[in-house]
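Reading through the C-alpha cells given below for one structure.
Every read-out reported here was derived from the displayed coordinates using simple, explicitly stated rules and does not represent laboratory data. From a predicted model like this one, the values you see are computed outputs, not experimental measurements. Here Cβ is always computed from backbone atoms with ideal geometry, including for glycine, and neighbour counts include all displayed protein chains.
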Amino acid sequence: MNWEKLGLIIKPDESIWWLSHYGGPTFVDIYNDEIKLYFVGRDKNGISRIGYAILDKSDLRKVLHISKDPVFDIGKIGYFDENGVSYPWIVRNGNELLLYYVGWTQGGIGGFWTHIGLAKYNIEIKKFERLLNVPIIDRINTEPICSGSCCVIKEGKLWKMWYTSFDRWEENDKPLHYYHIKYATSLDGINWKREGIIAIDFNDEKEYTIAKPMVIYENGIYKMWYSYRGKYYKIGYAESYDGLEWSRMDKKVGINVSSKGWDSEMIEYGYVFDYDNKRYMMYNGNGFGKSGIGLAVMTNKVEE
C-alpha cells in the first residue's frame, strides 16, 4: 500500500483551552451524513481531554467546527482518570454510542498509571458520561501493571478487543515501560475475558512499545495498524485470519516520516477509515501529537 500525505488539519490552538498544547489520537465517526473527528487535546497543564471536530464532506482537509469544550472530561479526584482521558474508540451498539477510553493517574516510580474505561453518550447534554467509575480493563494477577489504548469490534454477539498491555517496567537511567498488544473477548462489551493472548509482540530487543491498535475486517482478513518504537514511533501493519495470530508486515505500511516538518521525527497513532470510495488515515507526528493531527489518503490497496 502507499499513502499520500495531505498535511496538517488540526494544530494546537491557544484560543481553545482544552486544545492549547496538543492534538492527539483520533477516531472518525461517520453517521447521519456528518463526519465527526473525535480527538485528544491537552490544556496548558498537559491534562488530556476528548473533544471533536466536524470535517467538510467535500474536502476532509477542511475543519468546519471544533468543540469549544471537551465532550468527555477528566474524572473526580481519586478516580482512575483524574489526571487525563485519552485514546477514544467509539462503538455504535443499537441506539447506544459507547466510548472506550484510557484514564490517567499520576504517581509511582514510573510516573503514571493508565487503565481502560467506558462511557456512554448522553444526547440531552451532548456529552459522554461514565458507565462505571472504575476501569473495565483493570489490573489482574497476570496483568498487574497497566492497560492502554484499545480497538473494539462487535461481531454478532461477540465483542473483540485488541488492547495495549504493559509487560514490565525496567530501570535504566530512568524507568522504561514495555508494552505490546493483547486480545480479549466479551459478551456485553463491559466484562472482558483475558487469556494472555499476545496479538502483536516485539520484533527485537530495540523495540519496547507497541500500542494504539486499529483493526478492520476486510475480505476475510483482519488488518491492523499500530504504533511501535525504539527511540521514535513509526506506524506498523499486520494481518490475521482469525484476529488472534498475526503476521507483522511493517514494510507494507507505506507511510513513514517526512524529510522535514511537523512529522519528520516520528509518526504514530494511525486511524484508518473509508469515505467516498477512498481510504484515509488520521495520524500524529512529532512530540506524540504536540505538532497536531495529519491526514493521508491511500493511493493503492494492500497487495493480497
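If you plug the beta carbon distance of Leu131 and Asp173 into 1/(1 + (r/R0)^6) with R0 = 51 Å, you get a FRET efficiency near 0.80.
With distances taken between every two different alpha-carbon atoms, the chain has a Kirkwood hydrodynamic radius of 19.4 Å. Each residue, His65 and Arg92, gets one label point 7 Å from its Cα in the Cβ direction; the gap between the two is 1.8 nm. Once the chain from Lys120 to Glu218 is taken as fully extended at 0.36 nm per residue, the excess over their C-alpha distance is 32.5 nm.
Take the Cα of Asn300, go 7 Å toward its beta carbon, and the backbone nitrogen atoms of the stretch 1-23 under 11 Å from that spot belong to 1-3. What is the local net charge at Ile197, summed over the other residues whose Cβ is closer than 14 Å to its Cβ (Lys, Arg +1; Asp, Glu -1)? Every neighbour counted, the sum reads -2.
Please give the FRET efficiency for Asn32 paired with Asp188, using the beta carbon to beta carbon distance and R0 = 35 Å, rounded to the nearest 0.05.
Numbers: r = 26 Å, r/R0 = 0.74.
Efficiency, rounded to the nearest 0.05: 0.85.
Binning the C-alpha pair distances of the stretch 134-222 at 5 Å intervals from 0 yields a P(r) profile of 3, 13, 22, 24, 17, 11, 6, 3, 1, 0 %, listed from the shortest bin outward. Distance from the C-alpha centroid of the stretch 58-86 to that of the stretch 193-249: 26 Å, rounded to the whole angstrom. One quarter of the convex hull surface built on the alpha carbon atoms of the stretch 212-274 amounts to 4.9 nm², the projected area averaged over directions.
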